[in-house]
Amino acid sequence: MLNKQLIILGLVIGVLHYTPAAFAAEEVIPDSDEIAELRDKATNGDADAQFQLAEDYRKGEGVPQDDTAAREWYEKSANQGNSDAMVAMGFIYRGGSGVPMDKVLSYMWFQLAVDHGNEHAYELRNDVSWAMTEQQILEGRKRASQWKPSKPE
């Protein structure tokens with residue numbers, strides 16, 4: 001019985017020792033034609049493409065999962081007035097996903113999404129306001145009222 005256990009242990013050690021390094025490294029997924037086209041549009045300032053690329057990075061669909069890249073693309077899209085990207089930014093600041101949690105910025109992004117016709121954002125904005133002081137809510141409203149869309153990035 002002991003010999004059988006030693007043989008199995010030796011096989012396990014051998015497999016672990018000779019496993020190619022490629023298996024240990026993060027898999028690199030080459031851009032498909034679809035992702036390359038989407039990335040080109042996003043890089044050239046298409047807000048909808050920026051939002052879709054952000055979604056792909058968040059989910060790891062066609063590209064490696066990367067929350068930082070997702071946030072950057074969401075922000076570019078939101079800054080051009082994409083209300084879905086504004087909702088995503090509200091969630092990012094509400095949960096502190098890769099950024100410090102900031103209820104005021106969360107409220108601001110949800111308010112901007114409401115202002116841009118996103119009906120779902122109304123409830124989200126109200127939900128985040130329950131954990132805010134009146135002063136924080138006023139600051140979030142002020143920032144939303146002062147916000148101006150940016151030119152395509």
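Read the figures in this text as sums done on the coordinates, not as results from a lab. Remember, predicted model here, so these are calculated numbers, not experimental data.
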Quiz item: What relative contact order, as a whole-number percentage, does region 30-146 give when Cα pairs under 8 Å and 6 or more residues apart are counted?
Solution: 16
Quiz item: In straight Cα distance, which lysines are under 16 Å from LYS103, not counting same-chain residues fewer than 8 positions off?
Solution: LYS142
Quiz item: So who's got an amide H within less than 5 Å of the one on ASN82, skipping anything under 5 residues away but keeping other chains? H placed 1.01 Å off N, in plane.
Solution: none
Exercise. Per residue of region 82-98, in order, report the coupling 6.51 cos²θ - 1.76 cosθ + 1.60 (Karplus, θ = phi - 60°) as ³J(HN,Hα) in whole Hz, putting x for Gly and Pro.
Key: 6, 5, 5, 5, 5, 4, 4, 5, x, 5, 4, 6, 5, x, x, 7, x
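Share of Cα-Cα pairs in region 30-146 beyond 23 Å, in percent? Please list the in-between numbers first.
Values: 2018 of 6786 pairs.
Tail fraction, whole percent: 30.
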Exercise. Report, ordered by chain and residue number, the lysines lying within cross-link reach of LYS59, taken as a straight Cα distance under 19 Å and ignoring same-chain residues fewer than 8 apart.
Key: LYS76
